Amino acid sequence: MRWWARSATWQGVEVAETSHSTTDAPTTWLPLPDVAERLGLSILKVHQMIKDGSLLAVRHDGVRQVPAELVANDIVLKHLPGVLTLLRDAGFNDDEAVRWLYTADDTLPGTPAAALGGDKAREVKRRAQAVAF
């Protein structure tokens, strides 16, 4: 069962609309104002980070949100902007990037999103680079 649905447009930027959850889907979501508070930034700066590609957001339950794992310990995960750039260069939109980040991989183990917060972050970056080829 797919946990993503259709794409929607928000201020000229395509965002994903999520629906049903699977075991690989993010378990905790943060609305953008909560992301801004957690990072100690203005909401405008969070929107700019999304626009610049250093953070991603998708529509979840009708609200534009960020998977909480991606802003762990009150910072954006160190390798996330690089991984997002590689995925976007490979033609991924935010919907597809979230799907890739939360698809389980037994060789990591776990998901690329979970590995980004640990010692496998560089391996995730290498795999994102390989996706482009």
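Here is how the numbers come out for the structure above:
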| item | result |
| --- | --- |
| Computed Kirkwood radius, in angstrom, where 1/r is averaged over Cα pairs of the range 16-133 | 14.2 |
| Peptides ranked, highest mean first, by Cβ atoms within 10 Å: ranges 92-104, 109-121 | 92-104, 109-121 |
| Other-chain or far-sequence residues with amide H under 5 Å of Gly110's (modelled H) | Asp105 |
| Spatially proximal lysines relative to Lys51 (Cα-Cα < 18 Å; intrachain offsets below 8 disregarded) | Lys78 |
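Throughout, read-outs are computed from the coordinates displayed, never taken from laboratory work. Just so it is clear, the structure is predicted and the values come from calculations on it, not from any experiment. Positions of Cβ are backbone-derived with ideal geometry, glycine not excepted, and every protein chain shown enters the neighbour counts.
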